[in-house]
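Visitor: My structure is below; once you've seen it, I'll send some questions.
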């Protein structure tokens, strides 16, 4: 009995570890290819590059405005994250703490917006921003990302867990809603704010369709758009394309390692509702 | 758009404390001051939602009733766009391709994610590291995923076909072959989302009371029996969530298709959203594109409502 349990455990470990290696291999292969000059032109690069070099990265940053592109991605992601934190937190407070007529209906409308795919909005959004003269501007790329129904829902859930007795104590001390919001509720939902911040940043960093439609000039483009363009331009120079991929993965990887707890927790909680 | 921008099916009702009830008790006279406070808290989110979601949503419905190329003044055509779309075999083809994608993708990520979650839910060494590795592709952008897989599955010198060749197998043309293009996209997509599904199901498994499983064990139920009769029913809320989200995201599939095949070869992977994009920006038929996106929205809405209705039959909320 013991022996079979032990044997089973070893097999299970072996299978799960082998699976993890297979899952990880594409990342490894991306890095190896980016370090193999001329990859893709002749043959498949070797698993361990013999004459590796940073040529592909040099090409990326000298021939293309890649530094600028990275700056764009970082800038847009930071603004999106900050604005989403503000708009989500204030709305969540209204739905969690303020009594007003039609609250349930308004909250329902907010939630319903989550079901509307961006694709449905592409044409009118494009026309609207064109009328405002915002096509091919950072602001045009940013505006539609400013409110997040997901963020509002997430923060409202967190705020509902904060005891209302704390509000009452603050009210007795003469605090109004803005003080309660800032000094009582917000400090108590830090983990949820962190989760939202990570998802907002990730969402902006990885977003594709809307930036593709709005940002036309090469110097305004974000990483995913530039990468898609790179693919058309360097059809067979896989080392350059993979170098671009590495550059776009690394910051997310750093954020993920740093904030893994909030990312996984956020996803896990989403499924438990 | 991120994967989790979708509402959970059931909104839990938080137990209300006396303080909660006092705070939310409707009062007759709250005065203009209170109204201003409410407006101040709602305005930052209401403005973008109205201007960039609800407004465009209505506008899309209006545009779908016109013929418009984004430049010249729009011309009113009534329901012609819808009639044209429904009579066009291309429309049925793009929906069929999208369903093909879903039919391949959903079982792969669900059963793959379930197997992993079950494995990681046991006393496994290095569990959190393994979970971290499996989750890694989730934080990678669809474009990177598509590009990397185009390279892995490159027919001439990609690593997959090179490996197959060492075993004497002549690998297929993958994304360059109409028959293999969709499977290539499905494979890449499943790789990206497997960790996401795994984490949701793992959280569901960890929420199951171990005593229930132990009780079944005492009653002599084997591993498979416990899985089917105890674990799966208790996991059904998580399963439901995964299915709802995957279907919504599946119908909206675009980024990876755009970057891997652009809808080709020969239109073999032309999905609904790729068609919306092409109609708008390649063929200048914004009206028809809006009609098609509304059709897509209605399909997603119908499928989601059907699932929420049908959940009573198989989803157990403890």
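Visitor: Considering chain A as a Gaussian network with a 10 Å cut-off on Cα pairs, which listed residue, A:145, A:90, A:183, attains the greatest mean-square fluctuation?
Guide: Residue with maximal mean-square fluctuation among A:145, A:90, A:183: A:183.
Visitor: A further question follows. Could you work out which residue, out of B:44, B:172, B:233, moves most in a Gaussian network model of chain B, that is, has the largest mean-square fluctuation with Cα springs under 10 Å?
Guide: In the Gaussian network model the winner is B:44.
Visitor: So how far apart, in nm, are the two label points at residue A:165 and residue B:179 if each is 7 Å from Cα heading toward Cβ?
Guide: Once both label points are built, they end up 7.0 nm from each other.
Visitor: Averaged over its residues, how many other protein chain Cβ atoms are within 10 Å of peptide B:53-66's Cβ atoms? Write down the numbers at each step before the final one.
Guide: Details: counts 13, 5, 4, 13, 7, 1, 6, 9, 2, 1, 3, 3, 0, 0.
Neighbouring Cβ atoms belonging to other protein chains average 5 per residue here.
Visitor: Determine the shielding of peptide A:200-207 by partner chains: average, over its residues, the number of Cβ atoms on other chains within 10 angstrom of each Cβ. Numbers along the way, then the final one.
Guide: Values: counts 1, 0, 5, 5, 1, 2, 10, 6.
Rounded to a whole number, the mean comes out at 4.
Visitor: If packing is taken as the mean number of other Cβ atoms within 10 Å per residue, what is the order of A:91-97, B:81-87, highest first?
Guide: A:91-97, B:81-87
Visitor: According to a simple spin-label model (label point 7 Å from Cα along Cα-to-Cβ), what is the distance in nm between residue B:84 and residue B:129?
Guide: Those two pseudo-labels are separated by 5.9 nm.
Visitor: Next question. Can you give the Rg to Rh ratio for segment A:154-229, taking only C-alpha atoms and Rh from Kirkwood? Before the final figure, lay out each step's value.
Guide: Working: Rg = 19.6 Å, Rh = 15.3 Å.
Using only Cα positions, Rg/Rh for segment A:154-229 is 1.28.
Visitor: Kindly identify chain B as rounded, prolate or oblate by the Cα gyration tensor criterion: order the square roots of the eigenvalues as a ≥ b ≥ c, call it rounded if a/c is under 1.5, otherwise compare a/b with b/c, prolate if a/b is larger, else oblate.
Guide: Values: a/c = 2.06, a/b = 1.02, b/c = 2.01.
It comes out oblate by the Cα gyration axes.
Visitor: Right, another one. Could you tell me the center-to-center distance, by alpha carbons, between segment B:105-154 and segment B:257-318 in angstrom?
Guide: 25
Visitor: Classify segment B:216-305 as rounded, prolate or oblate, taking a ≥ b ≥ c as the square roots of the eigenvalues of its Cα gyration tensor: rounded when a/c is under 1.5, otherwise prolate if a/b is larger than b/c and oblate if not. All intermediate terms of the calculation are to be shown ahead of the outcome.
Guide: Details: a/c = 5.76, a/b = 2.69, b/c = 2.14.
Because a/c hits 1.5 or more and a/b exceeds b/c, segment B:216-305 counts as prolate.
Visitor: Assuming R0 = 30 Å, can you tell me the calculated FRET efficiency for the pair residue B:74 and residue B:96, based on Cβ-Cβ distance, to the nearest 0.05? Present the calculation step by step, with values, prior to reporting the outcome.
Guide: Details: r = 30 Å, r/R0 = 1.01.
With R0 = 30 Å, the Cβ-Cβ based efficiency is 0.50.
Visitor: Between residue A:47 and residue A:67, what's the calculated FRET efficiency when r is the beta-carbon distance and R0 is 30 Å? Round to 0.05. Present the calculation step by step, with values, prior to reporting the outcome.
Guide: On the way: r = 31 Å, r/R0 = 1.03.
Efficiency at R0 = 30 Å is approximately 0.45.
Visitor: Taking each pair of distinct Cα atoms in segment B:73-194 once, what is the resulting Kirkwood hydrodynamic radius in Å?
Guide: Details: mean 1/r = 0.0569 Å⁻¹.
Its Kirkwood hydrodynamic radius stands at 17.6 Å.
Visitor: Now, a different point. Hey, what D do you get for the protein assembly as shown in µm²/s if you plug the Kirkwood alpha-carbon radius into Stokes-Einstein at 37 °C and 0.692 mPa s?
Guide: Estimated diffusion coefficient is 127 µm²/s.
Visitor: For segment B:24-99, what are Rg and Dmax over the alpha carbons, in angstrom?
Guide: Expressed in Å, the Cα Rg and Dmax of segment B:24-99 come to 21.4, 60.
Visitor: Expressed in nm to one decimal, what extension gain is obtained for the pair residue B:165 and residue B:228 from 0.36 nm per residue of sequence separation less their Cα-Cα distance?
Guide: On the way: separation 63, 0.36 × 63 = 22.68 nm, distance 4.03 nm.
Full extension from residue B:165 to residue B:228 adds 18.6 nm.
Visitor: At residue B:58 and residue A:183, where each label point lies 7 Å from the Cα along Cα→Cβ, what is the point-to-point distance in nanometres?
Guide: Simple spin-label model gives 4.2 nm for this pair.
Visitor: Which of A:198, A:184, A:257 moves most in a GNM of chain A, Cα contacts under 10 Å?
Guide: A:257
Visitor: Peptides A:149-157, B:62-70: what's the order by average Cβ count within 10 Å, highest mean first?
Guide: On the way: A:149-157: 24.7, B:62-70: 19.3.
My ranking of the peptides, most packed first, is A:149-157, B:62-70.
Visitor: How tilted is helix A:66-97 with respect to the longest principal axis of chain A? Cα atoms for both, answer in degrees (0 to 90, nearest 10).
Guide: Long axis of A:66-97 versus the principal axis of chain A: about 20 degrees.
Visitor: Given 0.36 nm per residue, what is the gain on full extension from residue B:211 to residue B:36 after removing their alpha carbon distance, in nm? Could you put the intermediate results ahead of the total?
Guide: On the way: separation 175, 0.36 × 175 = 63.00 nm, distance 5.22 nm.
The span from residue B:211 to residue B:36 would gain 57.8 nm if fully extended.
Visitor: Give me the Kirkwood hydrodynamic radius of segment A:191-239 in Å, from all C-alpha pairs, to one decimal place? Display every interim value, and only then the final one.
Guide: Details: mean 1/r = 0.0807 Å⁻¹.
Hydrodynamic radius (Kirkwood, Cα pairs) of segment A:191-239 is 12.4 Å.
Visitor: For a footprinting-style exposure proxy, rank A:261, B:125 by other Cβ within 10 Å, fewest first. Present the calculation step by step, with values, prior to reporting the outcome.
Guide: Working: A:261 13, B:125 10.
With the sparsest Cβ surroundings first, the list reads B:125, A:261.
Visitor: Still on this model: Arrange the following residues from fewest to most other Cβ atoms within 10 Å of their Cβ: A:182, A:205.
Guide: Values: A:182 13, A:205 22.
Ranking A:182, A:205 by Cβ neighbours within 10 Å, fewest first, gives A:182, A:205.
Visitor: Pulled fully out, how much extra length does the chain show between residue B:236 and residue B:103, if you take 0.36 nm times their separation in residues and subtract their Cα-Cα distance?
Guide: On the way: separation 133, 0.36 × 133 = 47.88 nm, distance 1.99 nm.
So the extension gain works out to 45.9 nm.
Visitor: Within a 10 angstrom radius of each residue's Cβ in A:97-106, how many Cβ atoms of other chains show up on average? Whole number is fine.
Guide: Working: counts 4, 9, 8, 10, 4, 0, 4, 0, 0, 3.
The mean count of partner-chain Cβ atoms within 10 Å per residue comes to 4.
Visitor: Follow-up. Estimate the FRET efficiency between residue A:99 and residue B:301 by the formula 1/(1 + (r/R0)^6), using the beta-carbon distance for r and 30 Å for R0, to the nearest 0.05. Display every interim value, and only then the final one.
Guide: On the way: r = 31 Å, r/R0 = 1.03.
Result of the calculation: an efficiency of 0.45.
Visitor: Further question on the same structure: So what is the diffusion coefficient of chain A in µm² per second by Stokes-Einstein at 10 °C and 1.306 mPa s, using a Kirkwood Rh over Cα pairs? Intermediate results must be reported in sequence, preceding the final value.
Guide: Numbers: Rh = 22.1 Å.
Estimated via Stokes-Einstein, D reaches 72 µm²/s.
Visitor: Note the angle between two axes, namely the Cα long axis of helix A:118-131 and the longest principal axis of the Cα atoms of chain A, as a number of degrees from 0 to 90, rounded to the nearest 10.
Guide: The angle comes out at about 80 degrees.
Coordinate-derived values only; no laboratory data. If you're wondering where the values come from, they're calculated on a predicted model, not measured in any experiment. FYI the Cβ positions are ideal-geometry reconstructions off the backbone, even for glycines, and counts take in every protein chain you see.
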